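Trainee: Okay, handing you the structure first.
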Amino acid sequence: MEVVTLHNMPQNTGWIEVVCGCMYSGKTEELIRRLRRAQIAKQKVLIFKPKIDNRYSSNQIVSHSEQSLPSIVVDNPSEILNLSKDAQVIGIDEGQFFSPDLVEVCEELANAGKRVLVAGLDQDYRGRPFGPIPKLLAVAEYITKTLAICMVCGNPADRTQRTTEQHELVVVGARGVYEARCRKCFVPPTTD
Ligand code: ADP
Ligand code: MG
Ligand code: ZN
């Protein structure tokens, strides 16, 4: 008997989903929402975040709206590969902070039949493509760009404005350092 397919979701295969956007756009909320649904469906979910990001808690991914899920902190994307052998669904937050190897690791996981979800900043505070996220967008099956609300004018915001004079690429999480801005209100730093 012919099997009638009622939907177009992939079956018996892995794939990559990327949730990208500026700070405060709801990337972590969206990642948590998708991962919780997988957990409810009793899928084996593992969640990772890079070591650099320890702003709220070392072993959780946490949204600015204080939702959280337990996670494993890793230094190197290859650790994700080693730890994920039995997982069906793999969530990765703050993907922009991982080395370029993240792309190959996600590809290998998806090729092994796993659902891979990555959330991360697509632009840094200068408005330039950030770490491995742009390449991940090129190989992902599903891409979601989340937008925040511009803190100056209220338009949809896709940029992260640094409101202090620091010049390092990564100034993690300190409150009051960043705000969401739209294209019109974003002022790129002139000195970097
Ligand atoms: P991200 O992971 O993209 O930084 P989060 O998922 O951690 O974002 O947080 C999203 C939450 O941030 C929103 O639900 C809201 O509570 C809060 N927030 C703070 N500033 C803004 C803003 N300018 N626009 C939208 N949401 C904001
Ligand atoms: Mg986040
Ligand atoms: Zn604006």
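FYI, it's all coordinate maths here, none of it is from the lab. Remember, it's a predicted structure, so these values are computed and weren't measured experimentally. Note: ideal-geometry Cβ built from the backbone for every residue, glycine included; neighbour counts use all protein chains shown.
Trainee: Just the number, please: percent antiparallel of the DSSP beta bridges in segment 9-148, rounded to the nearest 5. Intermediate results must be reported in sequence, preceding the final value.
Mentor: On the way: 4 of 27 bridges.
Here the share of antiparallel DSSP bridges comes out near 15 percent.
Trainee: Any chance you could run the full-extension gain for Leu169 through Val73? It's 0.36 nm times the residue separation minus the Cα-Cα distance, nm to one decimal. Walk me through the intermediate numbers first.
Mentor: Working: separation 96, 0.36 × 96 = 34.56 nm, distance 2.08 nm.
The Leu169-Val73 span can extend by a further 32.5 nm.
Trainee: Where in the chain lies the longest segment free of GluC sites (Glu not before Pro) that are both loop residues by DSSP (not H, G, I, E, B) and have at most 10 other Cβ atoms within 10 Å?
Mentor: Working: sites that count: Glu2, Glu66, Glu165, Glu168.
The segment 67-164 is the longest one with no such site.
Trainee: OK, next. If you take all C-alpha pairs in segment 62-138, what percent of them are over 17 Å apart?
Mentor: Values: 1309 of 2926 pairs.
Roughly 45 percent, once rounded to a whole number.
Trainee: Of Gly127, Gly91, Gly154, which is the most mobile in a GNM of the chain whose springs link Cα atoms less than 10 angstrom apart?
Mentor: Among Gly127, Gly91, Gly154, the largest GNM mean-square fluctuation belongs to Gly154.
Trainee: List the chymotrypsin sites (Phe, Trp or Tyr not before Pro) within segment 9-96 that DSSP assigns to loop and that have no more than 13 neighbouring Cβ atoms inside 10 Å. Each step should come with its number before you reach the end.
Mentor: Numbers: sites: Trp15, Tyr24, Phe48, Tyr56; in loops: Tyr24, Tyr56.
Filter output for segment 9-96: Tyr56.
Trainee: For the chain, how big is the tail of P(r) above 23 Å, as a whole percent of Cα pairs? Spell out each step's value before the answer.
Mentor: Working: 7820 of 18336 pairs.
In whole percent, the long-distance tail amounts to 43.
Trainee: Working from Cα positions, state the angle (0 to 90°, nearest 10) between the long axis of helix 27-40 and the longest principal axis of the chain.
Mentor: Its long axis makes an angle of about 20 degrees.
Trainee: Could you work out how much longer the chain between Asn155 and Glu66 gets when fully extended? Use 0.36 nm per residue separation minus the Cα distance between them, nm to one decimal.
Mentor: This chain segment gains 29.6 nm when fully extended.
Trainee: Further question: Could you tell me the relative contact order of the chain? Use alpha-carbon pairs under 8 Å, at least six residues apart, and round to a whole percent.
Mentor: Numbers: 388 pairs, mean separation 53.9, N = 192.
RCO, the chain: 28 percent.
Trainee: Could you work out [θ]222 nm for the chain from helices alone, using -39500 (n - 2.57) per DSSP H run of at least four and dividing by all its residues? Round to the nearest 500 deg cm²/dmol.
Mentor: Numbers: 4 runs with 38 residues, N = 192.
Calculated from helices alone, the mean residue ellipticity at 222 nm is -5500 deg cm²/dmol.
Trainee: Can you give the local net charge around Ala157? Use residues other than it whose beta-carbon is closer than 9 angstrom to its beta-carbon, Lys and Arg +1, Asp and Glu -1. Mind showing how you got there, number by number?
Mentor: Details: positive: Arg159, Arg181, Arg183; negative: Asp158, Glu179.
Here the charged neighbours net out to +1.
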